[in-house]
Structures are given as structure tokens and as C-alpha cells.
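Undergrad: One structure, pasted below without further comment.
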């Protein structure tokens, strides 16, 4: 019986919660290296950001062009709503997010859901 | 047949080994967000601290009141004895721990035991 | 039927991508504590370094003697070739690696392979 190739074999959830810009670069490098390492469609990659790491997904983040390119290759970006709401309280309004980002209710809950679905967790 | 609801569906091991106070806040936020995200009793959460991260579990840590509240909601705190013994050598005596903390022989061994039991590992 | 004891029961992949020398010490402490916690041969440990964390595996790194000792106890060291190639571009030549290190095509891909083989992922 033919193997079902509709499901990606390698599923990764990459986690960022640091403010450090070098971590932002590193996590995007990681996603790119994963895309390059596997045949097209074999790597399913989701980047989950919460806490100070949510800055990666701000609209004005300097890495936005790279994120666009990764999103076009299928990488997903998940932004924590708990963090957004906390920032909105401090700033008076919610920060504007990069359009490639999808808001999820809780970043850490999202990570748990993905790991339970067989995603490999890596924290750069 | 009724599903066995005696076992929590979502089990998380949260790992701290950084001295950075912002990581201490973040890991406690993570635990709180997990408790809030699941029905009562569905989330089993253990925080494991070793190395410089053990400071979270010192009796005088500024986050002690939040830790009390989390412990009352079922969150467990595990403190690495390898680290405690190393600190005792440097300081002349073992640091006094928060009473909510349980000493485990090795923090990294404890993490491994929990992951083998199906806990989802997250490193804030 | 006798249990197959040829396979280590506890397999860990430890991940380093930070430049911070304290993280280098911590990850080596972790490996040592794991070796000490299990009967000889029961712990299979691989340290994977990429990005700024690759410095741990440079020939001139101050921790080289400890790494020799760990390697003699069976700990494996994997150095990311993507990172090496990037550093070679910046420096004009590839940094010289500790002879205990094995070059792998991609550090993050290696982590994924190990996790899929049942390794417990820990990021000190």
C-alpha cells in the first residue's frame, strides 16, 4: 500500500520568548535551514512567539521581509493573545502585528497542542 | 465505557536554569496561563529548576507569593539537589528553599523522567 | 524473554546555540550529571551545537579538557555545518574544531532526527 505522502514527515515547532534580536535572527535561520534540508512539502514549521519574543511578529520588525519569504514557503507564525492583551494594557493599544502572523489564544498552549500532534519542539 | 478522567490530559514540564529575573516571571506566567487555559484538574504542571535557575526556588525570592498561589492550584516545584550541593560548597551552607519546592536528586534527570511519562517540555 | 540491554534506556539530546560561556559550562555539567545518574551504558548523550553556540566546539575553547573527558565516557558532540560555512564566509576560513566534534549537515535537522528516535530534548 502506498505511503500517504499528504502529511509532512518532519514537523517542527520553534519557540521564541526572548527580546534579544539575535534570537529573532537565529529562529528565522533555523526555519530556513529546515526548509532547505527537506524536499519541498516534507517540512511543516510553525514559529510560536509569546512574552518578549512577540516582538518578532510586530509589523515594524526589521525581519519582516524574511518572514514574508518564509511564510510564502509555508512557515506559519503564531502570536500569543495573552501577551498581546498584556501589552495592550501597558501601551494603551495592541501592537500592530505582521500580517503573516496568526493570533492564537495562548502561545504555550499552542506549543503543547503541536507537541501532542507529533511536532518536534526546538527552542533556539 | 467512560473515559478515565483521573489522569490529567495535559502534562507540562517547564524548565528554568537562567538567573535572569525576567525568566522567573515568564515561567510563572506560563504556568498561570496553562492553569487558566484548561478545565480545573486537566493541566498537570511541574517546574524544574537547576543551575542559576534554582534562585527561583530560594525562600527569599520575590516571586514566592505567586509560587504559593500556583502551588495551591496544583503546580509542583522541583529543585535540583546537584545544584543545591554545589551552592552549599560555595556559600558554606545550603540556600534556604521555598517550602513549596521539593528537592529532586537531579534536575535534568527529573526532566527526562517526566518527558518519558508524556510530559510536554517547554523551556521559557 | 530477556530485555534487550544493548540499547541505552535514557537518550538525551542537549542543545546549545548561545554564545554565553555560562551556558557552555552548564551544558557540560548537565552531561556529567546524566552520566553520573545512570548505570554505565544506560545514558546516551549527544550535544548539538549551532549558531553562536558552536563556539563550545572550537579547538581553543577553554572547556576542551572537560569535553575530552565526557567524550571518553561516550558523550557525542555534533557541530552544525551550516554554521561552520557561515562562519567561514565571515572569517575567511573555517574555525578549527575540537577533534571530539563530529560535523553534521544541519544542527537543527540533527536535533529533529534524534527526537524522532526517542531522544529527550533539553535546552540548557
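Every number in this text was worked out from the coordinates using simple rules, so none of it is lab data. Everything numeric in this text was worked out from a predicted model, so none of it was measured. In this analysis, Cβ positions are derived from the backbone assuming ideal geometry, glycine residues included, and neighbour counts consider all displayed protein chains.
Undergrad: Of the residues that sit in the stretch C:76-98 and are closer than 30 Å to residue B:13 by Cα and away from every other protein chain (no Cβ under 13 Å), which one is farthest from the chain's Cα centre (by Cα)?
TA: Selected residue: C:79.
Undergrad: Residue check: is residue A:82 in a helix (DSSP H, G or I) and surrounded by 15 or more Cβ atoms within 10 Å (Cβ to Cβ)?
TA: The answer is yes for residue A:82.
Undergrad: Let me ask another. Which pairs turn up if I take residues in the stretch A:99-115 that are within 7 Å of chain B (Cβ to nearest Cβ) and look for partners that are in a helix (DSSP H, G or I) and crowded, with 23+ Cβ neighbours inside 10 Å with beta carbon separation below 8 Å, at least 6 apart in sequence or on another chain?
TA: From the stretch A:99-115, the pairs are A:106/B:34; A:108/B:30; A:108/B:34; A:109/B:34; A:112/B:34.
Undergrad: A further question on this structure: Would you point out which residue out of A:60, A:25, A:46 is surrounded by 15 or more Cβ atoms within 10 Å (Cβ to Cβ), in contact (Cβ under 8 Å) with a residue 12 or more places away in the chain and more than 30 Å from residue B:35 (Cα to Cα)?
TA: Numbers: A:60 fails: surrounded by 15 or more Cβ atoms within 10 Å (Cβ to Cβ); A:46 fails: more than 30 Å from residue B:35 (Cα to Cα).
A:25 is the lone residue from the list that is surrounded by 15 or more Cβ atoms within 10 Å (Cβ to Cβ), in contact (Cβ under 8 Å) with a residue 12 or more places away in the chain and more than 30 Å from residue B:35 (Cα to Cα).
Undergrad: Identify, please: which residue in the stretch C:31-70 is within 13 Å of chain B (Cβ to nearest Cβ) and part of a helix (DSSP H, G or I) and is, among those, nearest to residue A:26 (Cα to Cα)?
TA: Across the stretch C:31-70, the extreme among qualifying residues is C:31.
Undergrad: Across the stretch C:9-22, which residue is surrounded by the fewest Cβ atoms within 10 Å (Cβ to Cβ) among those that are more than 7 Å from every other protein chain (Cβ to nearest Cβ) and more than 27 Å from residue A:21 (Cα to Cα)?
TA: Only one residue tops the list, namely C:9.
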